[in-house]
Amino acid sequence: MTNIEIIDVLKSLCNLDKDAIQAYDISLKNIANQDINSRIQKFKEDHQRHVDTLSDLIKSLGGTPPSGAGDIRGMFMSGLSAIQGLGGDEGALKGLQNGEKVTNKSYKDALTHDLPQDVFNIVNKNYEDEKIHLEYINATLESRVWENRKAA
Ligand SMILES: [Fe+2]
């Protein structure tokens with residue numbers, strides 16, 4: 001891959017991480033369960049770290065990182081309607097679930113490119129975070145933890 005092609009892949013991941021931060025901000029306001037809220041806060045920090053490391057990488061390759069905040073109307077759009085429709089912890093988690101599926105697929109696809117080892121390592125490390133995010137959100141939606149808390 002040429003540097004320009006690598007930069008394009010990294011920019012698109014970086015934009016996705018930025019979109020995720022916007023979606024996480026909205027979702028966090030709707031998650032009442034404290035355990036879930038603090039976990040989701042940590043995931044948001046992961047996305048922020050991804051933006052920082054990807055931006056540094058893009059610069060080191062001679063590119064310009066995407067500027068400005070993310071766009072909630074991007075990949076996380078269908079999630080936003082879930083937040084509005086269902087509300088509460090469930091709506092917020094459903095809202096993030098779809099965006100996390102897109103993010104996971106995008107990181108997975110990026111790793112299929114012929115990336116230099118240092119770039120591969122950073123993208124792969126981010127992908128490991130993304131897998132954890134999606135697994136946690138899937139498991140939490142399935143167990144409906146917030147209902148157990150109410151009943152206890
Ligand atoms: Fe994520």
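Laboratory data are not the source of any read-out in this text; all were calculated from the coordinates shown. Computed from a prediction, not measured in an experiment: that's the story for all the values here. Cβ placement follows ideal geometry from the backbone for every residue including glycine, while neighbour counts extend to all protein chains displayed.
Quick notes on this one:
- Pair Leu61, Gln48: separation of 7 Å Cα→Cβ label points (nm): 2.5
- The stretch 7-25 residues near the modelled Ala69 label - backbone nitrogen below 15 Å, point 7 Å along Cα→Cβ: 18-25
- Of Lys59/Lys101; Lys44/Lys125; Lys11/Lys105, pairs whose Cα-Cα distance is over 19 Å: Lys59/Lys101
- log₁₀ of I(q)/I(0) at q = 0.09, 0.18, 0.21 Å⁻¹ - the chain, Debye sum with one point per alpha carbon: -0.29, -0.98, -1.25
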